[in-house]
Amino acid sequence: PEELKTADEIFLTGTAAEVTPVGQIDDMKFKVGPITKMLAEDFAKEVRKKPRASAA
């Protein structure tokens, strides 16, 4: 899509991919930017937290 040409950074998300930066699509190259870095770090912190006991 045309939007890719103006993107500063691009990433994929998913259960296995978590937050994965995209470096290149066809001839368009992208750098890992501050938003992708922040999201990846925050996501990693959340999924590695120990679950709290529920009051059931």
**Complete:** Pairing a residue in region 12-29 that is under 13 Å from Phe43 (Cβ atoms) with any residue that is among the charged types (D, E, K, R) and surrounded by 11 or more Cβ atoms within 10 Å (Cβ to Cβ), where Cβ atoms lie under 8 Å and the two sit 6 or more apart in sequence or on different chains, gives Pro21/Glu9
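Being surrounded by 11 or more Cβ atoms within 10 Å (Cβ to Cβ) and more than 11 Å from the chain's Cα centre (by Cα) narrows it down to one of Phe43, Phe11, Phe30, so name that one. Even if it seems obvious, please write down each step before you answer.
Working: Phe43 fails: more than 11 Å from the chain's Cα centre (by Cα); Phe11 fails: more than 11 Å from the chain's Cα centre (by Cα).
Result: Phe30 is the single residue among Phe43, Phe11, Phe30 that is surrounded by 11 or more Cβ atoms within 10 Å (Cβ to Cβ) and more than 11 Å from the chain's Cα centre (by Cα).
How about region 35-54: which of its residues are of a type in the set (A, V, I, L, M) and part of a loop (DSSP other than H, G, I, E, B)?
Ala53
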**Prompt:** If a residue has to be loosely packed, with under 10 Cβ neighbours inside 10 Å and β-branched (Val, Ile, Thr) to count, how many in region 14-27 make the cut?
**Reply:** 1
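FYI, it's all coordinate maths here, none of it is from the lab. Computed from a prediction, not measured in an experiment: that's the story for all the values here. Every residue, glycine among them, receives a Cβ derived from its backbone with ideal geometry; neighbour counts consider all protein chains shown.
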